[in-house]
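Student: Supplied in structure tokens, the structure appears directly below.
The values are calculated or read from the model by the stated rules, or taken from the named source; none is laboratory data. Just so you know, these numbers come straight off a predicted model, no measurement behind them. We place every Cβ from the backbone using ideal geometry, glycine too, and count neighbours over all the protein chains shown. The accessibility values were calculated without ligands, DNA or RNA, using every heavy atom of the protein model including side chains. Shrake-Rupley method; radii C 1.70, N 1.55, O 1.52, S 1.80 Å.
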Amino acid sequence: MDDFYIKRDAPFPFFDVSLLDACDEKLMEISEKMELGLNLDEMKRAQAYFRNEGRNPSDLEMQALGQAWSEHACYKSSKAVLVKYFGGIDNEDVLSRGDAGVMRFDESHGYALRIESHNHPSAVEPYGGAATGIGGIVRDVLCMGAQPIGLIDPIYFGPLDTKPEELQKGIKHPRYLFSGVVGGIRDYGNRLGIPTISGGVYFDHSYTGNCLVNVGCVGIAKEKNIQKNAVKEPGDLFVLVGGRTGRDGIHGVTFASTVLTEKSETESRGAVQLGDPITEEPVIHACLEVADLGLLQGMKDLGGGGLSCVIGEMALAGGYGAEVELDKVPLKEDDMLPWEMWISESQERMMLAIHPDNLDKVMEVFDLYDVEANVVGRVIPEKIVKINFKGVKVAEIDLEFFTECPAYDRPARRPETKIEEKRPAVSDYTEALMKMLADQNVSSRDWVIRQYDHEVRAATVIKPLQGKTGKWSHGDASVLKPLPNSYRGLAVSTATSPWTTAIDPYRGGKLAMDEAYRALIAVGARPKAISDCLNFGNPEVPERMWEFREAVRGLGEACAYLGIPVPSGNVSFYNESHDGSILPTITVLGTGIIDDIRKAVTTDMKGNGKLIFMVGNTGEEMGGSLYYRLYGGSSAKVPDVNLERLKNTGEGMLKAMNEGLIESAHDISDGGLAVAITEMCLGGDIGAEIDLSSMKEAGLLDDVLLFSESPTRWLIEVAPENRERLLAILPDAAEIGRTAGEKIIVRNGERLLIDTDVNGTREAWQNTLWELMG
């Protein structure tokens, strides 16, 4: 037993922590050995508080502070930046900002959206980390009173063909991580009966030591059923429902607030929660039923920090405090200590605030669904939390002190790096296209998509794979039909731009928004809101903090100009290992409304003899592009988003789609025009004849025209008889070819650039992940 513990007289192991007279060295020893994750200033702040109280803290009180003041729980390094760039973005369609955001769907319904990270747990235990990530994001949507209706899974790994001898000690092979993560998402989502409708898979060496597992969810709710994540009045009862509390997930948020090391595998495995979708599924039904019956004062899920965060946050959000009886918490293991119960992050648990008059009715509903429900506390007028166990008071904390975590204005410094301008020397563009189609970042994702049930609930009207049966290609966004008696649809897209953001974080932030926005436009949906997951390295390193600030500035400016609110989101710092930092990675979950799903547009070509137009402007801005990455090029000039053009062109695209002029559409992103036209041909099993000389930028170099990833561009298919009307709406659209036969031919005037056929490109595109994953 460490010498800073002082044993208390209690019928269970219970200790005070000798904090009051501790020197700086002893304070840091306490933080390290108790796994609090608090720095010296924070330990001194705790010391000052308890000196003022005239007593030493209990072990439970110190553990609770460690959770509440962790980076993952309180955003102490990011809060000021987020408020600065996102704080003023709002509109009348934002119905709620809680554990998930809620936006207006129609006159009587709202839809919930949220994306977050489960990176560190998945790096240690990929199956369990990813599975519990899905469970947690579902509960974030559920606690708003919304029925979860769709899952999203943008995931990032090291290259699958990494040689084992290239891995540093303690780092798992990307194939193992990839397989485990996909398996965890598959099994949890499928068993809950929620379709996985959108996502992405990305590969880069920077993710080898720290994979990223971002998970999102959308849900639908009657507006009257939307819940607050707060109590309402003194006397409300705290009712804990769902799974039992165990030793899994202890110190989860403090683990997520540190850099991964070669010892994380052994030292932090207990911080990974254990998931059980069979328990969560009836919890969803029971919670929705009591919400619909009007029996709730408030509701919140137990995520990071477990009971230590959920009770304090709900109580203080209502302006009150709480008294808790830990004896009433149902346990997986009978010998758990009070502090373990208080900070455990065991899954499938929800906290309800109930008026005493409604308790019997609530218990009847949970009994009907065979879900455990226990009263564990009550709301009190004072803004404190009192915690009792077996007749002993084990904690009494001022809630404002407890939840008002430190906030930092971290120093930020632009990295002193100079990028050499270097153009690739490529002469065979057909071969370059084939290489891109087979690349891990472009090739078919059906190895992943087909493991997920994206059809369950029978509401996915535009699916992740689009095109003729057996000839599918990737879509830009998926569309759900949330309500059985309405043709109104909810579109969901996923976007990211790590390679651009690594070169220019500000432009990378704008580009991530552009990609999410144009993907929604591509299916005919009007963009309405985003949720973002901001994955970055160590914020205590000035260069990493600069990347974060600049990326958020770019994303925030784009959202503000476009009028797109960010009602929910997540920041994940410390995504580093002894192998280095990840690329600065913004993941955007975009959502939009399509008034009539029968007018939705897909990416696959629809027939021979149709006209192909390119909408948008192409520039020589090749930095971070797939073409440059594959062929050793480098440039500091990355795509720059013209927000006015994005907004105006998007409006034109929607008008043309509403009039039924556009038969297929695909946004141009990774691999540029050449990859985009090929993907459209693959989905329609139709060839195309393209001539780039009709583009106003035809004087650019051929490889720029083919492979530039300039933003705000789409390829669209239009029937010949609709040509004039299309150009009246989109006068800058360039007619570049037509669908024809089985070959894909691309010219620039007299120069033949690409000559291939649909079957050949399909073979290159189809097999990469299947072959790498065995």
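Student: Tell me which residues, restricted to the range 7-28, are open to solvent by 50 Å² or more (accessible area, probe 1.4 Å) and out of contact with any Ser or Thr (no Cβ under 9 Å at 6 or more places or on another chain).
Tutor: Hits for the range 7-28 are Lys7, Asp9, Pro11, Pro13, Asp21, Cys23, Asp24, Glu25, Met28.
Student: Any idea which of (1) open to solvent by 10 Å² or more (accessible area, probe 1.4 Å); (2) closer than 30 Å to Arg414 by Cβ; (3) in a strand (DSSP E or B); (4) in contact with a Lys or Arg (Cβ under 8 Å, 6 or more places away or on another chain) is the one Ser531 doesn't satisfy?
Tutor: All conditions pass for Ser531, except number (1).
Student: Scan the range 192-220 for residues that are open to solvent by less than 10 Å² (accessible area, probe 1.4 Å) and among the charged types (D, E, K, R) and jot them down.
Tutor: Result: no residue meets the conditions.
Student: Going through the range 73-100 one residue at a time, which ones are outside any helix (DSSP H, G or I), of a type outside the set (Gly, Ala, Ser), in contact (Cβ under 8 Å) with a residue 40 or more places away in the chain and under 22 Å from Thr591 (Cα atoms)? Outline the logic, then answer.
Tutor: At the first step, the residues of the range 73-100 found to be outside any helix (DSSP H, G or I) are 75-78, 87-100.
Still in the running and of a type outside the set (Gly, Ala, Ser): 75-76, 89-95, 97, 99.
Subset that is in contact (Cβ under 8 Å) with a residue 40 or more places away in the chain: 75-76, 89-91, 93-95, 97, 99.
The answer is Ile89, Asp90, Asn91, Asp93, Val94, Leu95, Arg97, Asp99.
Student: Just to be sure I understand, how many residues within the range 600-617 are open to solvent by 10 Å² or more (accessible area, probe 1.4 Å) and within 28 Å of the chain's Cα centre (by Cα)?
Tutor: Matching residues across the range 600-617 total 3.
Student: Separate question: Looking only at residues in the range 712-750 that are open to solvent by 20 Å² or more (accessible area, probe 1.4 Å) and in a loop (DSSP other than H, G, I, E, B), which one is farthest from Glu431 (Cα to Cα)?
Tutor: Kept after step one, since they are open to solvent by 20 Å² or more (accessible area, probe 1.4 Å), are these residues of the range 712-750: 720-725, 727-729, 731-732, 735, 738, 740-743, 745, 747, 749-750.
Restricting the remaining residues to those that are in a loop (DSSP other than H, G, I, E, B) gives 731-732, 740-742, 749-750.
Details: Pro731: 34, Asp732: 31, Ala740: 22, Gly741: 21, Glu742: 18, Gly749: 20, Glu750: 19 Å.
Ranking the candidates gives Pro731 first.
Student: Ok, one more. Pick from Gly37, Gly66: which is touching a helix residue (DSSP H, G or I) at 6+ places or on another chain (Cβ under 7 Å) and part of a helix (DSSP H, G or I)?
Tutor: Of the residues listed, the single one that is touching a helix residue (DSSP H, G or I) at 6+ places or on another chain (Cβ under 7 Å) and part of a helix (DSSP H, G or I) is Gly66.
Student: Given the conditions (1) at pLDDT 95 or above; (2) surrounded by 24 or more Cβ atoms within 10 Å (Cβ to Cβ), and given that Asp357 satisfies all but one, which numbered condition is not satisfied?
Tutor: (2)
Student: Of (1) at pLDDT below 95; (2) open to solvent by 20 Å² or more (accessible area, probe 1.4 Å), Trp546 satisfies all except one. Which?
Tutor: Every listed condition holds for Trp546 apart from (1).
Student: Additional query: Among the residues of the range 420-428, is there at least one that is at pLDDT 95 or above, closer than 18 Å to Ile155 by Cβ and not in a loop (DSSP other than H, G, I, E, B)?
Tutor: Within the range 420-428, none of the residues are at pLDDT 95 or above, closer than 18 Å to Ile155 by Cβ and not in a loop (DSSP other than H, G, I, E, B).
Student: Kindly list, by first and then second residue, each pair from a residue in the range 479-497 that is farther than 26 Å from Gly554 by Cβ to a residue that is part of a loop (DSSP other than H, G, I, E, B) and open to solvent by 30 Å² or more (accessible area, probe 1.4 Å), limited to pairs with Cβ atoms under 6 Å and residues at least 6 apart or on different chains.
Tutor: Within 6 Å, the pairs are Tyr487/Asp596; Gly489/Lys481.
Student: Which condition number in (1) small (Gly, Ala, Ser); (2) outside any loop (DSSP other than H, G, I, E, B); (3) more than 24 Å from the chain's Cα centre (by Cα) is the one that Gly592 fails?
Tutor: (3)
Student: Step by step: first the residues of the range 101-126, then only those that are of a type in the set (D, E, K, R) and not in a strand (DSSP E or B), then the one that is farthest from the chain's Cα centre (by Cα). Which residue is that? Outline the logic, then answer.
Tutor: So in the range 101-126, the residues of a type in the set (D, E, K, R) come out as 104, 106-107, 114, 116, 125.
Within this subset, residues satisfying the condition of being not in a strand (DSSP E or B) are 106-107, 125.
Details: Asp106: 25, Glu107: 28, Glu125: 19 Å.
That would be Glu107.
Student: Okay, moving on. Based on what the data block shows, is Glu404 under 32 Å from the mean Cα position of the chain (by Cα), open to solvent by 20 Å² or more (accessible area, probe 1.4 Å) and either among the charged types (D, E, K, R) or at pLDDT below 95 (or both)?
Tutor: yes
Student: Just one of (1) open to solvent by less than 10 Å² (accessible area, probe 1.4 Å); (2) in contact with a Ser or Thr (Cβ under 7 Å, 6 or more places away or on another chain); (3) not hydrophobic (A, V, I, L, M, F, W, C) trips up Arg114, so point out which.
Tutor: Exception for Arg114: condition (1).
Student: What is the residue count in the range 547-579 for residues that are of a type in the set (Phe, Trp, Tyr) and touching a Pro at 6+ places or on another chain (Cβ under 7 Å)?
Tutor: First, the residues of the range 547-579 that are of a type in the set (Phe, Trp, Tyr): 548, 561, 573-574.
Those left that are additionally touching a Pro at 6+ places or on another chain (Cβ under 7 Å): 548, 573.
Final tally of qualifying residues: 2.
Student: Next question, about the same structure. Is it the case that Gly306 is more than 18 Å from Val362 (Cβ to Cβ), in contact with a Ser or Thr (Cβ under 7 Å, 6 or more places away or on another chain) and not charged (D, E, K, R)?
Tutor: yes
Student: Which of the residues that make up the range 140-159 are part of a loop (DSSP other than H, G, I, E, B) and open to solvent by less than 10 Å² (accessible area, probe 1.4 Å)?
Tutor: Once the filter is applied, which keeps residues that are part of a loop (DSSP other than H, G, I, E, B) and open to solvent by less than 10 Å² (accessible area, probe 1.4 Å), the range 140-159 yields Cys143, Met144, Gly145, Ala146, Gly158.
Student: Could I ask something else about it? Is there a residue being open to solvent by 20 Å² or more (accessible area, probe 1.4 Å), touching a residue at least 24 places away in the same chain (Cβ under 8 Å) and part of a loop (DSSP other than H, G, I, E, B) anywhere in the range 505-520?
Tutor: no
Student: Let me ask something else about it. Residues of the range 627-657 being in a helix (DSSP H, G or I) and open to solvent by 50 Å² or more (accessible area, probe 1.4 Å), which ones?
Tutor: Hits for the range 627-657 are Arg629, Tyr631, Glu644, Arg645, Lys647, Asn648, Glu651, Lys655.
Student: Next question. Going through Gly294, Gly305 one at a time, which residue ends up being open to solvent by 10 Å² or more (accessible area, probe 1.4 Å), closer than 25 Å to Ile226 by Cα and either part of a loop (DSSP other than H, G, I, E, B) or of a type in the set (Phe, Trp, Tyr) (or both)?
Tutor: Gly294
Student: Then there's this: Could you list all residues from the range 658-711 that are open to solvent by 10 Å² or more (accessible area, probe 1.4 Å) and in a helix (DSSP H, G or I)?
Tutor: The answer is Asn658, Glu679, Ser693, Ser694, Asp702.
Student: Pairs under 6 Å by beta carbon, first residue under 30 Å from Asn485 (Cβ atoms) in the range 210-235, partner open to solvent by 40 Å² or more (accessible area, probe 1.4 Å) and in a loop (DSSP other than H, G, I, E, B), six or more apart or different chains?
Tutor: Glu223/Ser108
Student: Looking only at residues that are open to solvent by 10 Å² or more (accessible area, probe 1.4 Å) and under 30 Å from Ser577 (Cα atoms) in the range 229-251, which one is modelled with the lowest pLDDT?
Tutor: If we take residues in the range 229-251 being open to solvent by 10 Å² or more (accessible area, probe 1.4 Å) and under 30 Å from Ser577 (Cα atoms), then His251 is modelled with the lowest pLDDT.
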